[in-house]
Amino acid sequence: MENRVIIGGQWGDEGKGKIVDALSRDVDWVLRYQGGANAGHTIHIGKEKHVLHLVPSGILHEGVRCLLGGGMVIDPWSLRDEILALEQKGHEVRGRMHISATAALLMPYHMRLDELRESRLKRKSIGTTGRGIGPAYLDKIQRTGLRMGDLLLPAENLERKAIEKILSANEVLSEFYDAEPVPARVLAEELVVLSQFMSPMVVNPYAVLRGVREGTESALFEGAQGTMLDIDHGTYPYVTSSNSTIGGAMTGTGLGPRSLGEINGIFKAYCTRVGNGPFPSELLGEQGDALREAGGEYGATTGRARRCGWFDLVAGRYAVDVNGMTGVIITKLDVLDNLPTIQVATAYELDGQQTTTYPVLSEAVPRCRPVYSEFAGWNKPTTECRKLVDLPAAARKYLEFLEKELDTLIVGVSVGRDREQMIWTETGVTT
Ligand code: IMP
């Protein structure tokens, strides 16, 4: 198996979980490299539905080893609950789960700080998932955080270190936010108990990934969120706090560029965004509502209604370029099955000028007005299609256009939520 990176091409929720599940059957490792429990990867297997937040989607294949990489922020309380829930459903997890000692530890006070900061921002709030992601990365970057490796400390030392961190978070809670402090001793004791559950899984990522580095073991890198939510390349400040783009795959695992292999961008056949921030091709009103209902566009982590809109080629090409994508996978094509017409944003109009170059500046993106091309719908179900030739001609025309404009081969098309509802097209969709 060749190594592969799976990256969201839009604002997250592109259906990466399903694709990782489909592609991880034969790999040795699935590596999550950034983010935390803000992610919600939904996988349907027969009648079973799994929503994973921290555990990589590859865990559902027996024998696949999983790593939570050093680029992540991990809430050990949530992780324990997720592991136990999977084990209750009969999946063997603990023997195959590895957690990088260098990953940041997300504490309950990070969630509290996330909530407080959001409510203080009022109308300018980011619309975060409330999982403490920003504050946990802040602690990491300002070099004051705990790491998963701390769970290997003797109980007394861990407790002492945790209390110190909790007390300084309490200072911020009470002095800056005038909020209740969190109970330091209780939390520190809980963390010591959790450390017994977690510590057998905490590893030195450099040592366990030797086989991947040397090319004797294969790896699939599982990205969370998407390019337009990346802290550096996304619609700042309405972004998450990690690098969901290709650089994150390296810094978040400690593997170099030669280990990456194929770089596959996952794009929905349209666009969605949850939370606040610019979304040039957003459909407001009835059309947006119809797309939301057809696609079941409600957040897997927070249940929030997702904002919906047309495929945005300006942002799409930017995502291809920023990540150096070698192939693209289009998901949820079937959601468009009953639409009379489909539009695609091919350019933006900005200050009276047309541009196909994504403008980057946070002050410019909200002023961009999309320029659309229109396509005829196909009005036929695609959910039973398994080969390109099975697709209605209009659907193929739409995919061919996306492939040409993205200037990257479409190597897969998803036509439903189940594992087998996939069309694999190694040589692209254009015949
Ligand atoms: P945070 O990552 O919780 O700080 O949220 C920052 C922004 O990223 C908000 O707009 C969230 O809605 C969005 N976000 C974070 N994780 C995901 C995800 O997995 N899918 C879609 N949006 C996400």
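None of the figures in this text is laboratory data; all of them are computed from the coordinates on show. Treat the numbers as computed from the prediction; the structure is a model and nothing was measured. All Cβ positions, even for glycine, are placed from backbone atoms using ideal geometry, and neighbour counts span all protein chains on display.
Run the numbers for Thr216 and Ala179: contour at 0.36 nm per residue of separation, minus the present Cα-Cα distance, in nm.
Full extension of this stretch gives 8.1 nm more.
Taking 0.36 nm per residue of separation and subtracting the Cα-Cα distance, what length does fully extending Asp390 through Glu190 add?
On the way: separation 200, 0.36 × 200 = 72.00 nm, distance 5.53 nm.
Length gained, Asp390 through Glu190: 66.5 nm.
So, how do all the Cα-to-Cα distances of segment 62-109 break down into 10 Å bins, in percent, from 0 on up?
Distribution as computed: 25, 52, 22, 1 percent.
Mind checking which of Cys66, Cys385, Cys271 has the largest fluctuation in a GNM of the chain, springs on alpha carbons under 10 Å?
Cys385
How many angstrom separate the Cα center of segment 152-206 from the Cα center of segment 57-130?
Distance between centres, Cα-based: 16 Å.
Which distance in nm do the two modelled labels at Thr251 and Lys397 give, with both placed 7 Å along the Cα-to-Cβ direction?
Going from the Thr251 label point to the Lys397 one covers 4.5 nm.
If you average the sequence gap of Cα pairs under 8 Å that are 6 or more apart and divide by the length of the chain, what percent do you get for the contact order? Please list the in-between numbers first.
Values: 967 pairs, mean separation 82.6, N = 431.
In percent, rounded to a whole number, it is 19.
Kindly state, as a whole number, the per residue volume in cubic angstrom of the convex hull around the alpha carbon atoms of segment 139-249. Walk me through the intermediate numbers first.
Details: hull volume 16.2 nm³, N = 111.
Normalising the Cα hull of segment 139-249 by residue number yields 146 Å³.
Work out how much length Arg258 to His44 would gain on full extension: take 0.36 nm times their residue separation and subtract the Cα-Cα distance, in nm to one decimal. Let's see the in-between values first.
Details: separation 214, 0.36 × 214 = 77.04 nm, distance 3.25 nm.
Extending this stretch completely gives an extra 73.8 nm.
Using a ≥ b ≥ c from the Cα gyration tensor of segment 315-366 (square roots of the eigenvalues), is it rounded, prolate or oblate, where a/c under 1.5 gives rounded and otherwise the larger of a/b and b/c decides, a/b for prolate?
Values: a/c = 2.80, a/b = 1.35, b/c = 2.07.
Verdict is oblate for segment 315-366.
Longer than 27 Å from Cα to Cα, which of Lys18/Lys122; Lys16/Lys47; Lys268/Lys380; Lys49/Lys387 are they? Say none if no pair is. Please list the in-between numbers first.
Working: Lys18/Lys122 35 Å; Lys16/Lys47 19 Å; Lys268/Lys380 19 Å; Lys49/Lys387 25 Å.
Exceeds cut-off: Lys18/Lys122.
Would you calculate the volume per residue, in Å³, of the smallest convex hull containing every Cα atom of the chain?
137
Step by step: find N for segment 363-431, compute 2.2 N^0.38 Å, then divide the Cα radius of gyration by it. What's the final number?
Numbers: Rg = 14.4 Å, N = 69, 2.2 N^0.38 = 11.0 Å.
Segment 363-431 yields a ratio of 1.31.
Measuring from a point 7 Å past the Cα of Gln354 along Cα-to-C-beta, which residues in segment 374-404 have an amide N at less than 15 Å?
Only 374 pass the distance filter.
Pop the C-beta distance of Asp321 and Ile141 into the FRET formula with R0 = 25 Å and round what comes out to the nearest 0.05.
Values: r = 26 Å, r/R0 = 1.06.
Given R0 = 25 Å and the Cβ-Cβ separation, E is 0.40.
Give me Lys122, Lys16, Lys89 sorted ascending by neighbouring Cβ count inside 10 Å, so fewest comes first.
Details: Lys122 7, Lys16 27, Lys89 10.
The order, fewest Cβ neighbours first, is Lys122, Lys89, Lys16.
Calculated from DSSP H runs of 4 or more alone, at -39500 (n - 2.57) each and per residue, what is the 222 nm mean residue ellipticity of the chain, nearest 500? Before the final figure, lay out the partial values.
Working: 12 runs with 126 residues, N = 431.
Theoretical 222 nm ellipticity from helices: -8500 deg cm²/dmol.
With a cut-off of 8 Å between alpha carbons and a minimum separation of six or more residues, what is the relative contact order of segment 290-431 in percent?
Details: 237 pairs, mean separation 35.9, N = 142.
This gives 25 percent for segment 290-431.
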